[in-house]
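What follows is a short report on a single structure.
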Amino acid sequence: MNFVLLLKTSDFIVDSLIEWWNTITPEQRIHTELIQIKVDNGPESSGIRTQFLNRMVEFVDEIKTPIQLLYYPPYHSKYNPIERCWGILEQHWNGSKLVDVTTMLSWAKSMTWKGIHPILTLSKTVYQKGISLTKKAMKVLEPRLQRNSLLPKWDILIQPL
């Protein structure tokens with residue numbers, strides 16, 4: 001789990017993915033043909049969020065591995081595994097007051113999900129909110145986004161150059 005001190009933004013999400021990728025061994029990277037990311041359609045990562053899509057294209061080009069963004073439809077959080085994880089975390093801290101970052105991180109670190117303790121990181125980067133591409137820049141980027149013709153908002157494949 002990656003936590004941020006101030007604002008969760010598109011840049012924070014992609015930076016967290018880059019951090020995750022950097023933990024993968026070269027052997028694992030060689031055998032990774034496609035990364036599928038199940039996305040919750042939040043305001044920072046939706047299929048129309050220009051900064052998120054721009055950063056994802058940059059990330060794909062950097063790692064030379066295709067990424068498929070699969071979005072959960074609105075109001076279907078019960079199918080999203082991370083929502084179950086957050087529910088378990090809420091039960092774990094059982095109403096304890098999360099008065100500061102240290103307390104919150106220690107509660108999160110002490111939980112288990114399916115017998116596994118999470119690996120936590122805390123980003124102290126201050127991210128700027130509201131970054132977006134111009135329509136002209138997005139028009140250049142859009143051909144890189146292979147949107148499924150049946151589900152263009154919910155299934156986006158990005159191939160590396």
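Read the figures in this text as sums done on the coordinates, not as results from a lab. Worth saying up front: this structure is predicted, and the values here are computed from it rather than measured. FYI the Cβ positions are ideal-geometry reconstructions off the backbone, even for glycines, and counts take in every protein chain you see.
Nearest 500 deg cm²/dmol is fine: what mean residue ellipticity at 222 nm does the chain get from its DSSP H runs of n ≥ 4 alone, each adding -39,500 (n - 2.57), divided by its residue count?
On the way: 6 runs with 61 residues, N = 161.
Per the formula, -11000 deg cm²/dmol.
What percent antiparallel are the DSSP beta bridges of the chain, to the nearest 5?
Numbers: 8 of 16 bridges.
Within the chain, antiparallel bridges account for around 50 percent of the total.
Among residues other than TRP21 whose Cβ falls under 15 Å from its Cβ, what is the net charge (Lys/Arg +1, Asp/Glu -1)?
On the way: positive: ARG29, ARG55, LYS64; negative: ASP15, GLU19, GLU27, GLU33, GLU58, ASP61, GLU62.
Neighbourhood net charge equals -4.
Taking the longest Cα principal axis of the chain as reference, the axis of helix 101-110 is set at about 90 degrees. Between HIS76 and GLN28, the simple spin-label model (points 7 angstrom out along Cα→Cβ) gives 2.8 nm.
Choose one answer from LYS135, LYS38, LYS109: the residue with the largest mean-square fluctuation in a GNM of the chain with alpha-carbon springs under 10 Å. Comparing LYS135, LYS38, LYS109 in a Gaussian network model of the chain, the most mobile one is LYS135.
Fewest Cβ neighbours within 10 Å first, please rank LEU120, LEU141 accordingly.
Numbers: LEU120 13, LEU141 16.
Ranking LEU120, LEU141 by Cβ neighbours within 10 Å, fewest first, gives LEU120, LEU141.
Ordering MET56, MET138 by the number of other Cβ atoms within 10 Å of each residue's own Cβ, fewest first, gives MET138, MET56. Seen against the Cα atoms of the chain and their longest principal axis, helix 81-93 is set at about 20 degrees. About the centre of its Cα atoms, the chain shows a dipole size close to 380 debye [charges on the beta carbon of Lys, Arg (+1) and Asp, Glu (-1) only; nearest 20 debye]. Among VAL99, VAL14, a tally of other beta-carbon atoms within 10 Å of each Cβ gives an order, fewest to most, of VAL99, VAL14. Sorted into 10 angstrom bins from 0, the C-alpha pair distances of the chain split as 9, 33, 37, 17, 4 percent.
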